[in-house]
Amino acid sequence: MERVRERMGEPDARVACPSAECDGVVRLMEARADGERSVASGTQLWVYQWRGQHDRLVFAVLAGKVSEVGWAFALE
């Protein structure tokens with residue numbers, strides 16, 4: 001995770017999963033994926049805003065390691 005922080009800076013938000021906020025981010029990520037995404041309990045989403053709240057780059061962090069990366073698009 002240190003490399004992510006070095007290159008991207010601190011995330012704009014850290015979202016614990018499971019939670020309603022986590023579900024919302026994952027739904028936005030699913031819109032661009034082939035099928036449903038599942039996020040393991042204990043995962044933390046590091047969210048970097050892109051165009052404000054419209055689009056976001058999301059790193060799923062589990063046990064101190066990146067387990068997945070994806071975009072959460074507003075699809076406007």
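Where a number appears in this text, it was derived from the coordinates with a stated rule and is not lab data. Quick caveat: nothing in here was measured; it's all calculated off a predicted structure. Neighbour counts run over all protein chains shown; Cβ positions are idealised from the backbone, glycine included.
Data for the structure
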| item | result |
| --- | --- |
| Pair Ala40, Arg14: separation of 7 Å Cα→Cβ label points (nm) | 1.8 nm |
| Whole-number percent relative contact order across the chain, with pairs defined as alpha carbons under 8 Å at least 6 apart | 30 percent |
| For the chain, size of Cβ-based charge dipole, Lys and Arg +1, Asp and Glu -1, in debye | 200 debye |
| Charge-dipole axis of the chain as Lys and Arg at +1 and Asp and Glu at -1 on Cβ define it, positive-most pick from His54, Met1, Gly70 | Met1 |
| Calculated from backbone phi, Karplus (6.51, -1.76, 1.60) coupling profile of the range 47-61 in Hz, x at Gly/Pro | 10, 10, 6, 9, 6, x, 7, 5, 10, 9, 8, 10, 10, 8, 10 |
| Kirkwood-type radius of the chain, with distances r between different C-alpha atoms, in Å | 12.4 Å |
